[in-house]
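In what follows, a single structure is set out as structure tokens and then discussed.
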Amino acid sequence: MTIDDRDVLLVVDVQNDFCPGGALAVPDGDAVVSVVNRLGTRFAHRVLTQDWHPPGHRSFATSHPGRAPFDTVTLDYGEQVLWPDHCVQGTPGAAFHRELDTTGAELVLRKGFREAIDSYSAFFENDRKTPTGLAGYLRERGFSRIFVCGLATDFCVAYSAEDGRRLGFEVVLIDDACRAIDLAGSLAAARGRMSECGVRLTTSGEV
Ligand code: VGL
Ligand code: ZN
């Protein structure tokens, strides 16, 4: 694949809490780090996202007495999976994986900072309406194709990829640079939705 100046690598949530030993560990999550670092050298432009919740965030099971992590509840904006407390602003769990090369990133986009709304997608919060500003940034920078990777495939990566398509970007998912939570069929469902909206798949070796 030829990578040019209109391509951007979007690295989603490669943070300690999504890696083994973290509060919401994605199986084998830390395996993406070396792949993402190598990919970074192939792109002139890199953007990172960082899940960044205030304490007591509405997506935390601890904010819903009687509920357990991975239960689903209905909030103002619709269905929401309840998570263990994770990526709390300023904590070690919210920091990027120590070996992730963040030096060349041109933007670090934080999301999920509003107490009452979760944000899986890098583009819109979970009400599907509140923009993060990323689309405007990418358009103004003249990017037309987004290569997505990171954690977790079936949540933040997939939502970002799908929204990228809806907003008119070309989107390519780098499969071996992602790992999934896979909750009750969520990975298969996410793959189905991504393919329906025209997200292309590749592997890091092709890039
Ligand atoms: C994520 C669940 C909750 C993710 C973030 O990065 O995929 N998943 N917060
Ligand atoms: Zn989160």
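Here are some notes:
- Selection status of Arg128, assigned to a loop (DSSP other than H, G, I, E, B) and within 15 Å of ligand 1 (Cβ to nearest atom): no
- Residue tally, condition of a type outside the set (Lys, Arg) and loosely packed, with under 12 Cβ neighbours inside 10 Å, over segment 73-98: 6
- Residues being in a strand (DSSP E or B) and touching a residue at least 40 places away in the same chain (Cβ under 8 Å) - total across segment 68-115: 11
- Listed conditions (1) over 14 Å from the mean Cα position of the chain (by Cα); (2) within 22 Å of Phe147 (Cα to Cα); (3) in a loop (DSSP other than H, G, I, E, B) are all met by Ala31, apart from (3).
- Among (1) in a loop (DSSP other than H, G, I, E, B); (2) within 13 Å of ligand 1 (Cβ to nearest atom), the one test that Val11 misses: (1)
- Residue ID - nearest to ligand 1 (Cβ to nearest atom), chosen from residues in segment 56-72 that are surrounded by 15 or more Cβ atoms within 10 Å (Cβ to Cβ) and more than 13 Å from Leu24 (Cβ to Cβ): Arg58
- The residue of segment 138-154 that is surrounded by the fewest Cβ atoms within 10 Å (Cβ to Cβ), among those that are in contact (Cβ under 8 Å) with a residue 60 or more places away in the chain and either in a helix (DSSP H, G or I) or more than 16 Å from ligand 1 (Cβ to nearest atom) (or both), is Gly142.
- Number of the condition not met by Asp176 [criteria: (1) under 24 Å from Cys87 (Cβ atoms); (2) touching a helix residue (DSSP H, G or I) at 6+ places or on another chain (Cβ under 6 Å); (3) crowded, with 16+ Cβ neighbours inside 10 Å]: (3)
- Taking (1) within 21 Å of Ala180 (Cβ to Cβ); (2) away from ligand 2 (no atom under 13 Å from the Cβ); (3) among the aliphatic types (A, V, I, L, M) in turn, Ala122 satisfies each apart from (2).
- When Gly112 is tested against the conditions (1) small (Gly, Ala, Ser); (2) under 22 Å from Thr62 (Cα atoms); (3) away from ligand 1 (no atom under 11 Å from the Cβ), the lone failure is (3).
- Look at (1) away from ligand 2 (no atom under 16 Å from the Cβ); (2) open to solvent by less than 40 Å² (accessible area, probe 1.4 Å); (3) in contact with a Pro (Cβ under 8 Å, 6 or more places away or on another chain) and you find that Val32 fails only one, number (3).
- Residue tally, condition free of Cβ contacts under 8 Å to residues at least 40 places away in the same chain and surrounded by fewer than 24 Cβ atoms within 10 Å (Cβ to Cβ), over segment 160-170: 5
The values are calculated or read from the model by the stated rules, or taken from the named source; none is laboratory data. Note that the structure is a prediction, hence the values are computed from the model and not measured. When we count neighbours, we look across all protein chains shown, and the Cβ atoms used for this are built from the backbone with ideal geometry, even at glycine. We work out accessible area using only protein heavy atoms, side chains counted, and drop any ligands, DNA or RNA first. Shrake-Rupley method; radii C 1.70, N 1.55, O 1.52, S 1.80 Å.
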